[in-house]
Amino acid sequence: MSTNPKARAWLEVRADALLANYDRVRASVGPEVRILPMVKADAYGLGANQVVECLERRDPWGYGVAAVSEGVALRVAGVTRPIVVCSPVPPGDVDQAVAANLQPFVGSVGTLEALAAAATRRGATVDWHLDVDTGMGRSGFAADRAEEWLDDVTRAWPGLRLAGLDTHLHSADEDAASIHDQWARLAALVDRIELPEDGVVHILNSAGALRAPEHACSMVRPGIFLYGGAIGTDQPRPDEVVSMKASVGHVREAAAGTTLGYGSTYAATSEERWATLTVGYGDGLPRALSNRGEALIAGARVPIIGRISMDVTVVDITGVSGVDVGSVATLIGHDGQEAVSVDEVAAWADTISYEVLTGFTGRLPRMWT
Ligand SMILES: *Cc1c(COP(=O)(O)O)cnc(C)c1O
């Protein structure tokens, strides 16, 4: 038995905006550069299968994931393009990665050995990407210690084919100079590593692809910008891809002094009107927005008052007309002239758009338009 997905709380995802943002990345890097859309973490919470289905129209080179299970799920869904696992593959996942023909980032000799063993066992050839650490520090072969690993790593490994060379940027959204610096560290190695004819060199995330397309090399790996997250306050904003909506489940008048919510952290200061929205932190609305964030309703911006509960959130609608049980509030997105961006929500919650998007829980239906 299914229920009405637009009754309680839901996400609306705009395919046309996703494609428009992809086109902006394409326009920035030009027609020759391959694009590897990052669809890790269920495509930043929006739904990997739907995102892939939509992006297929643009014929991307492949897809990027972080977990082997995510790559396997894409194979099960019928994806035949290259799938690159852009995070260290733990030993327990190596066999699955080979079985699903995934292309892992490799940043240690131990992983190479495990991959070679698994590939040989299965009679498979694994395409892998030599992951170089140029300042991120969390994975990859250290660029400044190449003499320790270069010869061993670039020799012929049974069952393995070196298909790419990559690094990951640490500050592309805040500091363009860091992109050039990280590129220079990788560039010092490029001539010493032999790639096949179809091999790819790739370093740029969304911010890099839009701010420093001169370093696009043969491929870029955009994520957040595709999904509507800004890439720095000085850059043009992406189109709005996702909106978060919820219904009004209850409306009341509150006399001065009436307390609200867990901890009674809010009390009406005069005669107020409150609307209870049927959405809470159990849906992924950050609890940090308690007494801090805003929502849109009937075209007006209204404050979130009291603590956000797991299932409901209360807004002060004093002076706003046309709100009743069944009205629809916007937590992210636009309503009339007003808009709340995912970045604004992230700022209220002292976090980044990535965490807001990936925090949406399974209780929220994703409604594609
Ligand atoms: C997540 C990720 C990206 C995409 O980064 P955005 O900032 O979302 O564009 C690119 N490369 C790697 C290795 C990643 O993990």
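Since every read-out is calculated from the coordinates, none of them should be taken as a lab result. Here the structure is a predicted model, which means the values were calculated and not measured. Glycine gets a Cβ as well: all are built from the backbone with ideal geometry, and neighbour counts include every protein chain shown.
Over the chain, Cα pairs under 8 Å with separation of 6+ residues give a relative contact order of 18 percent.
If we count other beta carbons within 10 Å of each Cβ, what is the order of F141, F105, fewest first? List each step's numbers first, then the result.
Working: F141 21, F105 24.
Least crowded to most crowded, the residues run F141, F105.
Please compute the length gained on full extension between S321 and R57, using 0.36 nm multiplied by the number of residues separating them and subtracting their Cα-Cα distance.
Working: separation 264, 0.36 × 264 = 95.04 nm, distance 4.32 nm.
Here the answer is 90.7 nm.
Amide H contacts for R34 (H built 1.01 Å from N in the peptide plane; partners 5 or more residues away or on another chain; cut-off under 5 Å): M219, V220.
If I stretch the segment between N101 and E197 completely, what's the gain in nm (0.36 nm per residue apart, minus their alpha carbon distance), one decimal? Kindly include the intermediate steps, with their values, before the conclusion.
On the way: separation 96, 0.36 × 96 = 34.56 nm, distance 1.98 nm.
So the extension gain works out to 32.6 nm.
Taking 7 Å steps out from each Cα toward its Cβ at E355 and R252 produces label points 3.2 nm apart. 3J(HN,Hα) along region 11-20, derived from phi through the Karplus expression 6.51 cos²θ - 1.76 cosθ + 1.60 where θ = phi - 60°, amounts to 10, 10, 10, 9, 5, 5, 6, 4, 5, 5 Hz, with x in place of Gly and Pro. Each residue of region 216-226 is assigned a 3J(HN,Hα), and the resulting list reads 5, 6, 9, 7, 10, 10, x, x, 3, 5, 4 Hz, derived from the Karplus form 6.51 cos²θ - 1.76 cosθ + 1.60 (θ = phi - 60°), x at Gly and Pro. What longest range of the chain stays clear of loop-exposed GluC sites (Glu not before Pro) (DSSP non-H/G/I/E/B, at most 14 other C-beta within 10 angstrom)? Answer from the scan: 33-173.
Mind giving me the FRET efficiency for A267 and M367? R0 is 35 Å, r the Cβ-Cβ distance, nearest 0.05 is fine.
After rounding, the FRET efficiency stands at 0.45.
Multiplying the residue separation of A347 and R301 by 0.36 nm and removing their Cα-Cα distance gives an extension gain of 14.9 nm. Rounded to the nearest Hz, the phi-derived 3J(HN,Hα) couplings of region 79-95 under the Karplus curve 6.51 cos²θ - 1.76 cosθ + 1.60 (θ = phi - 60°) are 6, 10, 5, x, 10, 9, 8, 8, 8, x, 8, x, x, x, 9, 4, 4, where x marks glycine and proline. Can you figure out the FRET efficiency of S139 with A20, using R₀ = 35 Å and their beta-carbon distance, to the nearest 0.05? Once the sixth-power term is evaluated, E becomes 0.65.
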